[in-house]
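Below: the structure, in structure tokens.
The values are calculated or read from the model by the stated rules, or taken from the named source; none is laboratory data. Quick caveat: nothing in here was measured; it's all calculated off a predicted structure. Neighbour counts run over all protein chains shown; Cβ positions are idealised from the backbone, glycine included. Please note that ligands, DNA and RNA were not included when accessible areas were found on the heavy atoms of the full protein model with its side chains. Shrake-Rupley method; radii C 1.70, N 1.55, O 1.52, S 1.80 Å.
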Amino acid sequence: MSRRHTRPLCMRLAALAGAVLIGTASCGLPGPSEASSVPASDLPLPSPTSTPPPDPSPSGSAAGAARVALIKDGSCLTRGPAIPALPDDPKSAASMIVDTLVRGPDAVQRAQGLTSRVRNDQGLSVAAVQDHVARLVVGPAGEDTARARDELWVGQVVRSVTSVPSITAVHFVDQDGIDVQLPLPGGRLTTGRVTPAMVAGLCTR
């Protein structure tokens, strides 16, 4: 192609490119050298995220208003008086429960027909609490009670002491640290740890 025909073609291409740039600017589209920006008000809002509610945490004495178990009509365990302010130490809390059992029902409760199998001469005391098990020492009179197959006595102590939130079982031993044989509902005998489930047949309510 001759130079005479090339120049008009180049001029037409340059004019066409200029027209395209002018048309793009007039339509509001950014040119090659312009940065594209969007107003903040036009940006989509972030989707809200749901925050789960905090887990409720048990609080010291509120974790447990423990209750002693008493005997109703001489044949059935029932819920006795509450002890709302337990010590934080599990051994101290269990000792408070045992002391309440030894004192027995007050005059109002006795008038309601509530009694207790636990007596002061049975020598019941809390030796330790370890791994959620309360180790209770039983005196000679307490051993006699166990040998007499008094399952309500066992149930009353177990249900009361395990009402302490951190205690799940009771282990009865004599003054030499030897396991005491205990009666359970249905005529069974056991030694070692006794849980509330093991005395559940004593119609606790």
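Extension gain, Asp131 to Ala111, is 3.3 nm, computed as 0.36 nm per intervening residue step minus the present C-alpha separation. The stretch between Asp150 and Thr195, if pulled fully straight at 0.36 nm per residue, gains 14.5 nm over its current Cα-Cα span. Where a ≥ b ≥ c are the square roots of the eigenvalues of the C-alpha gyration tensor, would you call the stretch 59-205 rounded, which needs a/c under 1.5, or, failing that, prolate if a/b is larger than b/c, or oblate? Rounded is the answer for the stretch 59-205, as its axis ratio a/c remains below 1.5. Surface analysis of the stretch 112-186 yields an accessible area of 43 Å² per residue, using protein heavy atoms and a 1.4 Å probe. Under the simplified labelling scheme, the Asn120-Gln175 pair shows an inter-label distance of 1.8 nm, with each label point 7 Å from Cα along Cα→Cβ.
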